[in-house]
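Q: First, the structure itself, so that you have it in front of you.
Readers should treat all values here as calculations from the given coordinates under stated rules, not as data from a laboratory. These figures come from a predicted structure and were not determined experimentally. Reconstructed Cβ throughout: ideal geometry from the backbone, glycine too, with neighbour counts over all protein chains shown.
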Amino acid sequence: MKRKVAVVGGGLAGILSSLWLSEQGDEVYLYEEKEERDYSVNCGETLADVDDSRTLLPGIYENHIRNELSGVEYKIGDNSYKMSLHMTVLDRKEWQLELIDLAKSKDVNVSFGEKGRPYEFNNSYDLVVDARGSFRRENRDYAKAIYVICGGDFDPNKMILFNRECLAGYYWVIPYSKDIANIGYGGEKEENISLGDLRNLFNQVGVSNSDIVERGGGLLDYTYGDKLYQEGKKRDLVYENFPPVVEVGDAAGLVSPLTGIGINGAIKSAKLLSQNIGNLQRYQRKIYDTMGKTLSRSTKMAYIRKNNFSKFEDIIKILDGTKLPETWKKTFLLKHPIKAMRLGKELGSFEYRKKLI
């Protein structure tokens, strides 16, 4: 059955939803509120190989690789802990603009400078996809982040996460090369974060204000994992209006408060929507099946970082020297039985704080 679909938001989740829905025969209209000349992306621009998200992407992302990283270094106070993790640093703006061109070539109707609210679309559409990203909404928890792109002297092979005692408490350094990096700061919504908060980090990574070439920031919606962990409930992603509204990507709260990473949630939710558009309740179940436990675990770690910082460091210390993608797999127990037992002791059960409803 051919459907007429409105996708609101031209970020990664919105573009991929439009592209994949159009490829399977739906009539798709993509609305992006910014003018094309003002189009921008505010993020760390890193795709981490923690799941199969990369395999779902059109191959053109390879045209926009800034750097390939092999590891992440957690800094806690004066201590450092290193783990293996392959990450690709992308020029997200240019990549997403090329994806928009690809979507147009697949008959997606793209409109820039169109600010629409998903619940205001009329019944000429069969479905509205809310892909507006993270923004302030009533009764939603979110984090805030700012970043700068600046020159300096960086290790081009690893991302650095400086952790602090807070739910979304981290600074990041993501090198584009040995001479330039994306440096950012995450904080809770109650915090009044600004560029001044990054200056505490500049001396440690060899940056001065004169080296800054770009700055930006935004919100991080982590409510999906937070609701699972705190309440044992799945967050609604489908709203039976007329037409129905379904959320994808950051709009669905699929961001980790532990690291601020949302790109994997954007990719996987867009793909799952295209595969289950005929049954939106199944789409919700698939989101939970593929991402629920991972997001809940990362949320649990973020709360440990906030409420028991010494325990958080003990857990990171256990993971020192390991491959991060293996941490939650059975192979981790086989390869690192002592570490696995210590990790289980520190984290306790991987069940949600409350029994899942």
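Q: Nearest 10 degrees, 0 to 90: what angle lies between the long axis of helix 263-275 and the longest principal axis of the chain (Cα atoms)?
A: Approximately 30 degrees, to the nearest ten.
Q: Now, a different point. Rounded to the nearest angstrom and ordered from largest down, what semi-axes does the equivalent ellipsoid of the stretch 142-201 get from its C-alpha gyration tensor (root of 5λ)? Don't skip to the end; give the middle numbers.
A: Working: eigenvalues 96, 26, 14 Å².
Gyration-tensor ellipsoid for the stretch 142-201: 22, 11, 8 Å.
Q: Lys and Arg at +1, Asp and Glu at -1: add these up for the other residues within a Cβ distance under 9 Å of Val72 and post the number.
A: Counting the neighbours of Val72, the net charge comes to +1.
Q: If you stretched the chain out fully between Phe112 and Thr294, how much longer would it get, using 0.36 nm times the residue separation minus the C-alpha to C-alpha distance?
A: Fully extending the segment from Phe112 to Thr294 adds 62.1 nm.
Q: Rounded if a/c is under 1.5, else prolate if a/b beats b/c, else oblate: with a ≥ b ≥ c from the C-alpha gyration tensor eigenvalues square-rooted, which is the stretch 42-196?
A: Note, shape of the stretch 42-196 comes out oblate.
Q: Using Cα atoms only, what is the angle between the long axis of helix 92-105 and the major principal axis of the chain, expressed in degrees (0 to 90) to the nearest 10?
A: 20 degrees
Q: Give me the distance between the Cα centres of the stretch 116-193 and the stretch 273-338, rounded to whole Å.
A: 19 Å
Q: When Ile76, Ile338, Ile318 are ordered from fewest to most other Cβ atoms inside 10 Å of their Cβ, what list results?
A: Ascending Cβ contact count within 10 Å gives the list Ile338, Ile76, Ile318.
Q: Can you work out the FRET efficiency for the pair Arg37 and Lys329, with r the C-beta to C-beta distance and R0 = 56 Å, to the nearest 0.05?
A: 0.80
Q: Still on this structure, please answer the following. Counting only DSSP beta bridges with both residues in the chain, what percent are antiparallel, rounded to the nearest 5?
A: 65 percent
Q: Based on the Cα coordinates of the stretch 128-280, what is the per residue volume of their convex hull in Å³?
A: Taking only Cα atoms, the stretch 128-280 has a hull volume of 131 Å³ per residue.
Q: Compute the angle between helix 309-319 and the longest alpha-carbon principal axis of the chain, please, reported from 0 to 90 degrees and rounded to the nearest 10.
A: 90 degrees
Q: Which percent of Cα-Cα pairs in the chain sits in each 20 Å bin, short to long?
A: Final binned percentages: 30, 59, 11.
Q: Rounded to the nearest 500, what is the 222 nm mean residue ellipticity of the chain from helices alone, with -39500 (n - 2.57) per DSSP H run of 4+ residues and division by all residues? Mind showing how you got there, number by number?
A: On the way: 11 runs with 114 residues, N = 357.
After summing the helix terms and dividing by the residues of the chain, the value is -9500 deg cm²/dmol.
Q: Still on this structure, I have one more. Which whole-number percentage describes the relative contact order of the chain, with Cα contacts under 8 Å and a sequence gap of 6 or more?
A: 21 percent.
Q: Count the net charge of all other residues whose Cβ sits under 11 Å from the Cβ of Gly321, scoring Lys and Arg as +1 and Asp and Glu as -1.
A: +3
Q: What ranking do Thr294, Thr331, Thr55 get, fewest neighbouring Cβ atoms within 10 angstrom at the top? Let's see the in-between values first.
A: Numbers: Thr294 16, Thr331 11, Thr55 8.
Lowest count first: Thr55, Thr331, Thr294.
Q: For a quick size check, give me the Cα extents of the stretch 1-112 along its three principal axes, largest first, whole Å.
A: 55, 30, 23
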